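I have placed the structure first, in the form of structure tokens, so that the comments after it can refer back to it.
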Amino acid sequence: MPHGFLNASYSVFSYAAKRYGGIRAIPPLPPAISVELSSVCNLSCPECVTGLGLTRRANSFISYDLAAEIASQSGRRVLSAWLSYQGEPMMHPEFFRIAELFTGMNPVISTNGHFLDPENCRRLADSPLKKIIISWDGATPEVYNIYRKGGDHAVVKEGIRRLAATIKERRSKLEMILQFLVHRGNEHETEAASSFARSVGAGFRVKSMQVLDPAGAGKWAPSDPRKSRFMKGDDGAWRAAESSAKGCLRMWTSAVITTDGDVIPCCYDKNLRHVMGNLGQQTLSGIWRGERYSSFRETVMRSRRQVDICSGCPEGKRLFF
């Protein structure tokens, strides 16, 4: 863990050195990684590339051997391992076995909550996971299903209650957070959703919503503009709210790894337009410190507008409420 804190500190320092002094310095590894365990999902959410069937991977699930190699290469330098990206991580047939690989790296998952049966709840409570984030986008089935297409509100609600009870029973340190993806159709149930979270002893947070095409943001935009990543122009057209942020700290502190072993710079690269390398041919450190990654960082630092995936990114803006 000391190595992780040193690496994270150097990562922040190297970003500051580049932004304010023009000095090129890259840490040996990203202190935070996202590992895509699954590129498939049981739901069909309308603003999700996976839900719409647009995700293209050779492997639906990451292999155990690749996950083990990532964990081995990351080792003591990683402070945070997010074990999810585009798909539903708990659909992976070896989910719990892979989670064990990241013990000591503060592993976290984000799930839609449809796999919280008694056995899984027990294993989650006993796992090395530090946090589980469960999508909870409505207090009633009708509102929940506006976005969570194909979901079962009753199953998720029962699973949340079961996991809460199991965590308490087993005196687990697993933190459970219910996440409310706010939009026009569910904003009136925010307080009711929060009340349910409190009733089971879970944390609760409201998250602003990303849409695939800014032109369609008007369908989802909540009444409070602060909770929207999009804005309506004087011409009536919706577009991403521009960020005044310069550079991007994430380019120096985190990376995403797909089920196929591709390393991409950010969760906004949903179509893999900026693959920095593949772990089948290179090491994670080699990719992280390679010329392709360095050149990409230079471009982002020079002007975010030059990078397609940065155009709709809310860097510097508040995402959680």
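Do we have Thr253 as free of Cβ contacts under 8 Å to residues at least 24 places away in the same chain, surrounded by 15 or more Cβ atoms within 10 Å (Cβ to Cβ) and over 19 Å from Lys270 (Cβ atoms) here? It is false that Thr253 is free of Cβ contacts under 8 Å to residues at least 24 places away in the same chain, surrounded by 15 or more Cβ atoms within 10 Å (Cβ to Cβ) and over 19 Å from Lys270 (Cβ atoms). The residue that is most open to solvent (accessible area, probe 1.4 Å), counting only those in the range 291-310 that are farther than 26 Å from Ser72 by Cα and polar (S, T, N, Q), is Gln306.
Residues in the range 74-115 that are hydroxyl-bearing (Ser, Thr, Tyr) and open to solvent by less than 20 Å² (accessible area, probe 1.4 Å): Ser74, Ser84, Thr111. For the range 281-290, indicate whether the set of residues that are farther than 14 Å from Gln73 by Cβ and not hydroxyl-bearing (Ser, Thr, Tyr) is non-empty. Yes; the residues of the range 281-290 include at least one that is farther than 14 Å from Gln73 by Cβ and not hydroxyl-bearing (Ser, Thr, Tyr).
Summed over the range 27-45, the residues that are within 16 Å of Leu83 (Cβ to Cβ) and open to solvent by 40 Å² or more (accessible area, probe 1.4 Å) give a count of 2. Every condition in (1) in a loop (DSSP other than H, G, I, E, B); (2) over 16 Å from Ile26 (Cβ atoms) is met by Val256 except one, and the failing one is (1). Given the condition open to solvent by less than 10 Å² (accessible area, probe 1.4 Å), in contact with a Ser or Thr (Cβ under 9 Å, 6 or more places away or on another chain) and in a strand (DSSP E or B), answer yes or no: does some residue in the range 55-68 qualify? No, that holds for no residue.
The rows are residues; the columns are (1) surrounded by 13 or more Cβ atoms within 10 Å (Cβ to Cβ); (2) at pLDDT 95 or above; (3) among the charged types (D, E, K, R).
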position	(1), (2), (3)
Arg239	yes, no, yes
Gly247	yes, no, no
Leu284	yes, yes, no
Cys313	yes, no, no
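Would a scan of the range 116-137 turn up a residue that is in contact with a His (Cβ under 8 Å, 6 or more places away or on another chain) and of a type in the set (A, V, I, L, M)? Within the range 116-137 (the criterion being in contact with a His (Cβ under 8 Å, 6 or more places away or on another chain) and of a type in the set (A, V, I, L, M)), the answer is no, since none of the residues qualifies.
Can you find, within the range 7-26, the residue that is least open to solvent (accessible area, probe 1.4 Å) among those that are touching a residue at least 40 places away in the same chain (Cβ under 8 Å) and in contact with a Lys or Arg (Cβ under 8 Å, 6 or more places away or on another chain)? Walk me through it before giving the result.
Step one: filter the range 7-26 for residues touching a residue at least 40 places away in the same chain (Cβ under 8 Å), giving 7-8, 11-12, 14-15, 18-19, 24, 26.
Remaining after also requiring in contact with a Lys or Arg (Cβ under 8 Å, 6 or more places away or on another chain): 7, 18-19, 24, 26.
Values: Asn7: 4, Lys18: 35, Arg19: 80, Arg24: 132, Ile26: 24 Å².
Step by step, filter the range 7-26, then rank; the result is Asn7.
Against the condition open to solvent by 60 Å² or more (accessible area, probe 1.4 Å), over 24 Å from Ile309 (Cα atoms) and either at pLDDT 95 or above or not β-branched (Val, Ile, Thr) (or both), how does Asp224 come out, does it pass? Against the criterion (open to solvent by 60 Å² or more (accessible area, probe 1.4 Å), over 24 Å from Ile309 (Cα atoms) and either at pLDDT 95 or above or not β-branched (Val, Ile, Thr) (or both)), Asp224 does not qualify.
Pull up the range 204-214, narrow it to residues that are aliphatic (A, V, I, L, M) and out of contact with any strand residue (DSSP E or B) (no Cβ under 6 Å at 6 or more places or on another chain), then point me to the one that is farthest from Asp308 (Cα to Cα).
Once the filter is applied, the top-ranked residue is Val211.
When Gly51 is tested against (1) over 28 Å from Phe115 (Cα atoms); (2) touching a residue at least 40 places away in the same chain (Cβ under 8 Å), just one condition goes unmet, and that condition is (1). Number of residues in the range 169-191 that are assigned to a helix (DSSP H, G or I) and either at pLDDT below 95 or in contact with a helix residue (DSSP H, G or I) (Cβ under 9 Å, 6 or more places away or on another chain) (or both): the value is 4. Based on this model, can you work out whether Val263 counts as under 21 Å from Thr140 (Cβ atoms), part of a strand (DSSP E or B), open to solvent by less than 40 Å² (accessible area, probe 1.4 Å) and of a type in the set (A, V, I, L, M, F, W, C)? Answer is no for this residue.
Looking across the range 104-140, just one residue is outside any strand (DSSP E or B), of a type in the set (Lys, Arg) and within 16 Å of the chain's Cα centre (by Cα), and that is Lys130. Filtering the range 147-178 to residues that are open to solvent by 20 Å² or more (accessible area, probe 1.4 Å), within 19 Å of Gln210 (Cβ to Cβ) and touching an Asp or Glu at 6+ places or on another chain (Cβ under 8 Å) leaves only Arg148.
The values are calculated or read from the model by the stated rules, or taken from the named source; none is laboratory data. Note that the structure is predicted; figures quoted are calculated from it, not measured. Virtual Cβ from ideal backbone geometry, glycine too; neighbours counted across all protein chains shown. Ligands, DNA and RNA are excluded from the accessible area calculation, which covers all protein heavy atoms including side chains. Shrake-Rupley method; radii C 1.70, N 1.55, O 1.52, S 1.80 Å.
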